[in-house]
Amino acid sequence: MAKRTIVALPGDGIGKVVLEETIRVLDAAGFKADYVEGDIGWEFWKTEGNPLPQRTLDLLEKHKIALFGAITSKPKDAAFAELSPKLQEKGLVYSSPIVGLRQHFGLDICMRPCRSYKGNPLNFIKRGIGDEIIEPMVDVVIFRQNTEGLYGGVEWSNPPEKVYEALMTHPKFVKNFSKTPKEELSVSTRIFTKKATERILRAAFEHAKKYGYKSVTVCEKPNVIRETSGMMYKMAQEIQKSDYPEIELWNTNIDAQMMWLTKNPDNYGVIVAGNMFGDIVSDGFAGLIGGLGFACSAQFNPDSGIGVFEPTHGSAPKYADFDVSIVNPIAMVESACMMLDFIDENEIATKIRKAVAKVIAEGKVQTYDMAKMSGKADVIEKGAASTQEMADAIIQSLK
């Protein structure tokens with residue numbers, strides 16, 4: 001098989017170190033690839049006014065597959081304050097480069113598996129009858145619509161006159177907001193399209209069918225957000241009835257789901273949601289399997305074959321300047337395994353996952369989060385493994 005070229009997008013903060021260690025693991029597992037680094041993140045916003053330069057888009061267009069570390073995002077005013085003074089008069093507005101990647105390449109399917117590792121001291125536990133300790137094994141895959149909804153970027157402060165006039169045609173806007181001065185209004189839209197909604201629903205059902213999950217749960221809020229959430233659930237009912245009758249279709253409200261996920265997390269299989277609610281519920285389930293140090297994700301476009309694979313944690317700048325990196329690289333390693341699955345390198349992905357599972361089960365090497373320590377620079381002295389030491393342990397387990 002020809003050697004692949006992978007676009008490496010380290011980004012900001014801890015993204016750089018977890019990506020570097022993950023590439024070491026990939027090399028040790030026998031994955032043959034060349035890595036070409038792409039420019040993305042905060043430094044390019046500050047110096048160029050663009051955190052996602054065109055040259056990076058061109059790289060991904062050419063090579064299709066990217067491993068992504070993490071990026072820093074800050075509110076509008078804070079972002080403007082850090083922009084180079086020579087760029088501050090050009091009317092530039094910061095927007096998230098990862099959201100930009102999703103929208104530019106139509107990476108509308110986001111998949112976030114949350115699976116427990118046996119022996120992980122951070123796994124969720126609960127008490128049963130007679131104070132019995134119960135540790136439910138979580139195996140949930142969240143499918144999050146990635147390009148629409150609240151993350152679509154269609155929003156205004158002091159909306160333009162035409163937008164305001166359109167809003168004034170809605171009786172509830174007239175009743176509740178018509179007396180508010182226009183300059184005091186901020187409006188964000190939540191847009192769902194039938195095409196994208198059907199794609200994410202079918203991706204969820206197909207995954208459930210392929211891997212034997214008994215249910216697909218639509219996690220939205222159709223009792224209140226009737227048009228968008230309601231459309232998704234109605235379409236799910238139609239798709240399930242016509243094409244997947246053997247898979248149960250469940251319907252939960254996002255607020256109730258956040259309660260139920262700690263009462264009976266092992267009841268759920270595949271969950272599908274719009275952008276914001278998918279983000280929320282995936283973080284909730286990630287908390288049950290050890291937190292963001294174990295939370296991986298894939299975002300891809302099945303038509304173009306373009307995929308970006310990243311941990312769901314942020315850039316954690318408070319850890320980035322430590323002399324020895326203390327962060328857990330497993331989420332990045334797991335994201336790389338999702339990349340391997342995507343490009344049909346399943347044997348190597350399985351090999352790495354087994355090595356990670358072995359390290360966790362043995363419990364001899366634990367990063368500070370696994371050892372339940374506060375994230376301070378002195379945790380290494382207290383026995384926590386560094387980022388590099390965890391990668392070393394996985395590599396040793398591969399042998």
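The values are calculated or read from the model by the stated rules, or taken from the named source; none is laboratory data. Values in this document were obtained by computation on a predicted structure and should not be read as measured data. So basically every Cβ, Gly included, is an ideal-geometry build from the backbone, and we count neighbours across all protein chains shown.
List of remarks:
- So residue 238, is it over 30 Å from residue 59 (Cα atoms), surrounded by fewer than 21 Cβ atoms within 10 Å (Cβ to Cβ), in contact (Cβ under 8 Å) with a residue 12 or more places away in the chain and not aromatic (Phe, Trp, Tyr): no
- Selection count where residues are in contact with a Leu (Cβ under 9 Å, 6 or more places away or on another chain) and over 17 Å from residue 306 (Cα atoms), scope the range 1-31: 12
- Flag if residue 113 is surrounded by 20 or more Cβ atoms within 10 Å (Cβ to Cβ), assigned by TED's automatic domain parsing to the domain that holds residue 327, touching a helix residue (DSSP H, G or I) at 6+ places or on another chain (Cβ under 9 Å) and closer than 26 Å to residue 199 by Cα: no
- Exactly one residue out of 356, 327, 333 is surrounded by fewer than 24 Cβ atoms within 10 Å (Cβ to Cβ) and at negative phi, and it is 356.
- Condition check for residue 1 on (1) surrounded by fewer than 16 Cβ atoms within 10 Å (Cβ to Cβ); (2) at pLDDT 95 or above: one failure, at (2).
- Residue within the range 129-137 that is in a strand (DSSP E or B) and over 21 Å from the mean Cα position of the chain (by Cα) present: yes
- Residues located in the range 183-195, provided they are surrounded by fewer than 20 Cβ atoms within 10 Å (Cβ to Cβ) and either out of contact with any Phe, Trp or Tyr (no Cβ under 8 Å at 6 or more places or on another chain) or acidic (Asp, Glu) (or both): 183, 184, 188, 189, 190, 191, 193, 194, 195
- Test: residue 97 is within 26 Å of residue 316 (Cβ to Cβ), touching a Cys at 6+ places or on another chain (Cβ under 9 Å) and surrounded by 14 or more Cβ atoms within 10 Å (Cβ to Cβ): no
Let's see how each residue does on (1) assigned to a helix (DSSP H, G or I); (2) buried (at least 21 other Cβ atoms within 10 Å of the Cβ); (3) out of contact with any Gly (no Cβ under 7 Å at 6 or more places or on another chain); (4) touching a residue at least 40 places away in the same chain (Cβ under 8 Å):
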| residue | (1), (2), (3), (4) |
| --- | --- |
| 20 | yes, no, yes, no |
| 27 | yes, no, yes, no |
| 36 | no, no, yes, no |
| 43 | yes, no, yes, no |
| 51 | no, yes, no, yes |
| 55 | yes, no, yes, no |
| 69 | no, yes, no, yes |
| 74 | no, no, yes, no |
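- Residue check, residue 59 in a helix (DSSP H, G or I), modelled with pLDDT of 95 or more and either not assigned by TED's automatic domain parsing to the domain that holds residue 338 or not polar (S, T, N, Q) (or both): yes
- Scanning the range 316-363 for residues that are in contact with a Gly (Cβ under 6 Å, 6 or more places away or on another chain), modelled with pLDDT of 95 or more, part of a helix (DSSP H, G or I) and not β-branched (Val, Ile, Thr) yields 331, 342, 361.
- Residue within the range 300-315 that is in contact (Cβ under 8 Å) with a residue 40 or more places away in the chain and part of a helix (DSSP H, G or I) present: no
- Residues (among the acidic types (Asp, Glu) and either in contact with a His (Cβ under 7 Å, 6 or more places away or on another chain) or in the same structural domain as residue 149 (by TED's automatic domain parsing) (or both)) located in the range 181-219: 198, 206
- Scanning the range 370-390 for residues that are in a helix (DSSP H, G or I) and under 26 Å from the mean Cα position of the chain (by Cα) yields 387, 388, 389, 390.
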